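Taking it in order: structure first as structure tokens, then the write-up.
Every number here is computed from the coordinates shown, using simple stated rules; none is lab data. Note that the coordinates shown come from a computational prediction; the quantities given were computed from them, not determined experimentally. Neighbour counts are summed over all protein chains in view; Cβ atoms, including those assigned to glycine, are modelled from backbone coordinates with ideal geometry.
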Amino acid sequence: MEKQADITFLLSWVEQARSNNGVLPVAIAIGVVLLTSLVYHIAFATDIPHIKGLPEIPGAYPVFGHLIQLGEDHASVCEKWWRQYNHSVFQVKLGNTRAVVVNSFEDCKKMLLGNQNATIDRPKLYTFHGVISSTQGFTIGSSPWDESCKKKRKAAGTALGRPAMRNYYPMFDLESYCILRDIHKDSQNGALEVNVRPYIQRYALNTTLTLCYGIRMDTVYDELLREILHVGSAISMLRSASENLQDYVPFLRYLPNNKKNASSKDLRERRDKYLNHLLDKVREMIKNGTDKPCISAAILKDQETKLTGVEVSSICLSLVSGGFETIPGTMTSCIGSLSTPEGQIWQDRAYEDIKRHYPDIRDAWTDCYVNEKVPYLNAIVKEAGRYYTVSSMSLPRKTVTEINWNGAIIPPKTMILINAQAGNHDTDHFGKDANKFDPERWLSSVNPPVEAEINGLGHLSFGTGSRACSGQFIASRLLNAALLRLITSYKIVASESEPPNTDYVEYNQFKTALVAIPRDFKVNLIPRDSAMTTECLRLAEERTKDHYKES
Ligand code: HEM
């Protein structure tokens, strides 16, 4: 209002000066008006004007909006604001971008499931879309909703859906065997403490590389494998709002020596190099008739395909980047919780439940990638997903049509941020102990373990609705298979000198990253039945020796 009055005053002054034939005052006045308007735009204007009827968090700064208060850990600050101001849904200004933040479990569910069509879009960001993705196309998770995205999502859905799963059994068998084979060797069958994360990173990455390119790497510290993981993690950092202010504060893009743009270009080149290398290998294998069944070979060979080269790269990139951090983040942290004194009791209960379903552990090893039928293990996997919300603010959405939110009209093109971490620890939904890791919350009976019926959505870690995670079934199968093999082989006990951090916020060493990177820790592995583990490993080696030899 004040600004409106200023402008009206200036305009009347300009009019007066003009009628007095004063050319100079007119020019000055116009300059002042333009300058005021420019300053206002730089300092306060947002892409979407204030949404009436939706609370806005007080104290936004000029230019930066709420970015300064939000700091590095947006999920935890928004969770705090929800409780402080008693509004689960509010608006904030991320620099020049207005965003609606949704916090409680019920509101996240209602926003995504009750408005599936309206929330089907994703926002475009300057650094990620404009600089990093300019060569290989956008990943599915960052693609705005259009015909191309629809095709890519459909292709990914087919490759990752439940019916396709049986094609991957040999791969699940091989990759989960490799975790145990190498942990067994490197820990000298439990004599030395180990950090489990690198083994799980290779597990997740090999799975998606095999799916996409028919290529895998056998050694945990393989150079290409580590390069893919390093570049992928660095790019994940550049995607989060807290790390990348220039996405929301445009003038920062034009500062001399723009380090963000320089490192984005460097990462883009490094990523292009390995993606092209992988695709060239597939082309070479097709030429030599040695290609393995995989997404890129199927598309490259199928002349009829409706997908362009950039779309194929984008699908492969989406699958590789979709799993390589989320699965290790979830599984490593889960192992951390299981290794605590309380967690060791859950491990023993899970082990008993596995034996109840598979009196012969060898059968458990061969069925774990086919079925998920051990209730206690399923409960651990669900709790790991909920408690360690590795993608704490999910992936941003954008409205395509207006949403009437309890009378407030959220216009099209508004950024919607789902605070999955807050919703997953909502005491109104999960009870007073929502902040505790407890697999048994997913059981209706502990002895014998019986899974509780879930009415719809269990937790928010995979998102939900029109753009829910395409890889959630495969993720759950991978977590189940690897945990079953680990729990039947060893009792996992936290290291005394390097124990895990099991706090659902502090376990993450990089809060600015899009996907959490757990702090390093070590565990001791106490063999449960060494003879049986040796036998299971021998049989697995026998079964898998002909599958996907190292490429
Ligand atoms: C524990 C493992 C995983 C977690 C926690 C996770 C989490 C998520 C989340 C939060 C989203 C955004 C959902 C939304 O907006 O509602 C997402 C999208 C996606 N995820 Fe996952 N994910 C995991 C594993 C995977 C895997 C293994 C793959 C592929 C192999 C994958 C592929 C995708 C794709 C393609 C999308 C984009 C969907 C779209 O935008 O249409 N994810 N994931």
### Task
Using a 10 Å cut-off on Cβ atoms, rank the peptides 145-153, 70-78 from the highest mean neighbour count down.
70-78, 145-153
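Within the chain, what percent of beta bridges assigned by DSSP are antiparallel, to the nearest 5?
In the chain, DSSP labels about 85 percent of beta bridges as antiparallel.
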### Task
Counting only C-alpha contacts under 8 Å and six or more residues apart, can you give the relative contact order of the chain as a whole percent?
23 percent
## Note on the structure
Taking Cα atoms only, helix 23-43 is inclined relative to the longest principal axis of the chain by an angle, in degrees rounded to 10, of 20 degrees
### Summary
Here FRET efficiency (C-beta to C-beta, Glu284 to Glu352, R₀ 35 Å, nearest 0.05) is 0.10
### Query
How many nm is it between the label spots at Glu498 and Asp266, if each spot is 7 Å from the Cα in line with the beta carbon?
2.7 nm
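Quick check on the range 296-422: take the gyration tensor over C-alpha atoms, sort the square-rooted eigenvalues as a ≥ b ≥ c, and tell me if it's rounded (a/c under 1.5), prolate or oblate. The partial results should precede the final answer.
Working: a/c = 2.76, a/b = 1.38, b/c = 2.00.
Judged from the Cα gyration tensor, the range 296-422 comes out oblate (a/c at least 1.5, b/c at or above a/b).
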### Query
For Tyr169 and His277 in the same chain, what is the full-extension length gain: residue separation times 0.36 nm, less their Cα-Cα distance, in nm?
36.2 nm
### Task
With viscosity set to 1.306 mPa s and temperature to 10 °C, compute the Stokes-Einstein D of the range 470-551, Rh being the Kirkwood radius across alpha carbon pairs; µm²/s, no decimals.
101 µm²/s
### Query
Scaled to the compact-protein estimate 2.2 N^0.38 Å, what is the alpha-carbon radius of gyration of the chain, rounded to two decimal places?
1.08
### Residues His50 and Tyr254, FRET efficiency given R0 of 45 Å [Cβ-Cβ distance, rounded to 0.05]
0.95
### Query
For the pair Ala408 and Ser37, how long in nm is the line joining their label points, each one 7 Å along Cα→Cβ?
3.0 nm
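Pairs Lys281/Lys398; Lys301/Lys398; Lys52/Lys150; Lys110/Lys260; Lys150/Lys281; Lys150/Lys292: which exceed 30 Å Cα-Cα?
Values: Lys281/Lys398 37 Å; Lys301/Lys398 36 Å; Lys52/Lys150 33 Å; Lys110/Lys260 36 Å; Lys150/Lys281 28 Å; Lys150/Lys292 26 Å.
Listed pairs above 30 Å: Lys281/Lys398; Lys301/Lys398; Lys52/Lys150; Lys110/Lys260.
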### Task
Provide the FRET efficiency to the nearest 0.05 for the Lys110-Lys80 pair, computing r from the beta carbons and using R0 = 30 Å.
0.85
### Query
Which order do peptides 55-65, 111-121, 480-490 fall in by mean Cβ count within 10 Å, highest first?
480-490, 111-121, 55-65
### Task
For the range 218-258 and the range 277-355, write down the distance between their C-alpha centroids in whole Å.
21 Å
### Summary
Stretched fully, the stretch from Gln509 through Lys432 gains (0.36 nm per residue minus C-alpha distance, one decimal, in nm) 25.1 nm
### Query
According to a simple spin-label model (label point 7 Å from Cα along Cα-to-Cβ), what is the distance in nm between Asn117 and Ser530?
6.5 nm
### Task
Working from Cα positions, state the angle (0 to 90°, nearest 10) between the long axis of helix 259-288 and the longest principal axis of the chain.
40 degrees
